[in-house]
1. Looking only at residues in segment 58-111 that are under 19 Å from residue 25 (Cβ atoms) and acidic (Asp, Glu), which one is surrounded by the fewest Cβ atoms within 10 Å (Cβ to Cβ)?
2. Let me confirm something: among 104, 94, which residue is assigned to a loop (DSSP other than H, G, I, E, B) and farther than 18 Å from residue 12 by Cα?
3. Is it the case that some residue within segment 42-63 is over 17 Å from residue 8 (Cα atoms) and among the polar types (S, T, N, Q)?
4. Report every pair of residues separated by at least 6 positions or lying on different chains whose Cβ atoms are under 8 Å apart, first residue within segment 26-43 and farther than 15 Å from residue 93 by Cα, second exposed (fewer than 12 other Cβ atoms within 10 Å of the Cβ) and not basic (Lys, Arg).
5. Within segment 8-25, can one find any residue that is part of a loop (DSSP other than H, G, I, E, B), of a type in the set (Lys, Arg) and open to solvent by 50 Å² or more (accessible area, probe 1.4 Å)?
6. Does segment 63-77 include one or more residues that are part of a helix (DSSP H, G or I) and more than 15 Å from residue 111 (Cα to Cα)?
Amino acid sequence: MSNSSKNWSKNELKVYLLLLCAQADSELTQIEIDMIKQKTDSATFASLYKEFIKDDEDTSFEKIEASIGVLEYSQMELSDLKKELYELFRSDKKFTAAEQYLNKILDNILY
């Protein structure tokens with residue numbers, strides 16, 4: 001995959017979104033990484049993680065918005081994606097203010 005989000009598959013976008021959510025509280029835990037790795041293959045995870053750590057928050061949002069605009073999601077797919085993001089937020093048994101804020105931003109982007 002190139003560094004351009006316009007070429008992302010739905011799975012790649014999901015992995016990138018999950019990485020963003022895991023980093024929301026500035027604490028990317030091993031539990032969160034393991035949860036994300038379970039949702040994709042190791043090569044995809046490695047590629048997206050490498051890209052993710054180079055991006056600032058604004059760049060991440062731009063890439064996500066661009067991908068959502070290109071990929072055709074059904075309401076059911078968006079609902080399922082939202083559930084997965086929420087599960088990751090709650091994986092450490094906390095839902096911090098930073099995570100809540102990101103959740104609202106992603107709601108606006110995804111819907």
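1. 58
2. 94
3. no
4. No pair meets every condition.
5. no
6. For segment 63-77, residues part of a helix (DSSP H, G or I) and more than 15 Å from residue 111 (Cα to Cα): present.
The values are calculated or read from the model by the stated rules, or taken from the named source; none is laboratory data. If you're wondering where the values come from, they're calculated on a predicted model, not measured in any experiment. All Cβ positions, glycine included, derive from the backbone under ideal geometry; neighbour counts span all protein chains shown. Ligands, DNA and RNA are excluded from the accessible area calculation, which covers all protein heavy atoms including side chains. Shrake-Rupley method; radii C 1.70, N 1.55, O 1.52, S 1.80 Å.
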